[in-house]
Amino acid sequence: MRNAEARVNPEARPVRVSYVLSTRNRADHLDRALAGARAFVDDGDELIVVDGGSTDHTAAVVAKHRDLVGTFISEPDTGEAHGLNRGVLRARGHIIKQLTDDDHFYPDAMRAAIAALEADPSIDALMCGGEACEFDPATGETRLVEYRFLPAGLRLKDDVGHILRFTQCGLGLVLTRRGLERAGLFDTSFRAVDTDYMARLIACGADFRYMNVKLFRHVTYPHSGQNRGAECVRDRARVLLRSGDWPRVFGELDPRALGEALGMGGLPHGESLARLLWVGEWMRRGPLGPLLDLVAGTLRACARALAACLRLLGRSGPGGGARGGDTDLTVEPEWDGSLR
């Protein structure tokens, strides 16, 4: 619980963890989220609520929890990422944790993740596991869909595909200020803000670890961003393109998604250009493949040599290690608190 005396001069005290919550027109959800946050927001922490200009009773909900909320910003914004950036720029803690207005966080796991970052200052960011659920508006019931966790033997930084397959929900992300300085602010052009940010942590070489604790319970509602399927597919394509994961680009995406990811969606013949790329890859995989492979052979040989050198150094290159393809995400793992 918060100590009211500690808030007399909040700017004068050091901050351990800055919790940042971005919201808009979800007052009833926000009320429950703030009530739940009381279980883990301590006297040495701060809670920043950034409201994107709500027209409901969000301000009244925040006023109800004024002993908990240290900073309240209410101005129109362009979406979740914009709101998070506003909060992050106000944050004073060494550790920064995003909260949401319609999900649940498990207090014991939150304390364990914070303690792990405090115990090892070399870690830039942590990713924790959790539950993925779905709300049925017809029945009012919430059902468990699957678990988000990284299978044993895998490391986040070895393959961006581990994020896309296993830990894509950013509710498990806990940042340090150094990790934020390395990866930068959140990209406001993304719908899948968290997926993009985790991929950027890998790309910038941050010390990004997975901690096997159940930190969150994420519920998909009709208003949830992941229901905007086309935008999420576009963002997935952008992440794959930036990581250079071409087998997944051409194995998982259709020409339209590829064109959107390449910024061709607004061009008069954007989709046609994307189809040309698609056809080129199809040719490479078809009868002309051996001829085209002669051109790419040298590059593949260099890549294999690099991977061998990385293995000798005790590392695995892009896509290295087990992929966990046979992992059943509907079976709850043993949350053993391990860090890797």
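Values quoted throughout were computed directly from the atomic coordinates according to the rules given, and no laboratory measurement underlies them. Quantities reported herein were computed from a predicted structural model and do not represent experimental measurements.
The figures follow:
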quantity: DSSP-defined antiparallel bridges as percent of all bridges, segment 12-227, nearest 5; calculated: 40 percent
quantity: Nonlocal amide H pairs with Y210, under 5 Å, H built at 1.01 Å; calculated: M127, L156, R340
quantity: Candidate lysines - alpha carbon under 16 Å from K97, same-chain residues fewer than 8 apart omitted; calculated: K214
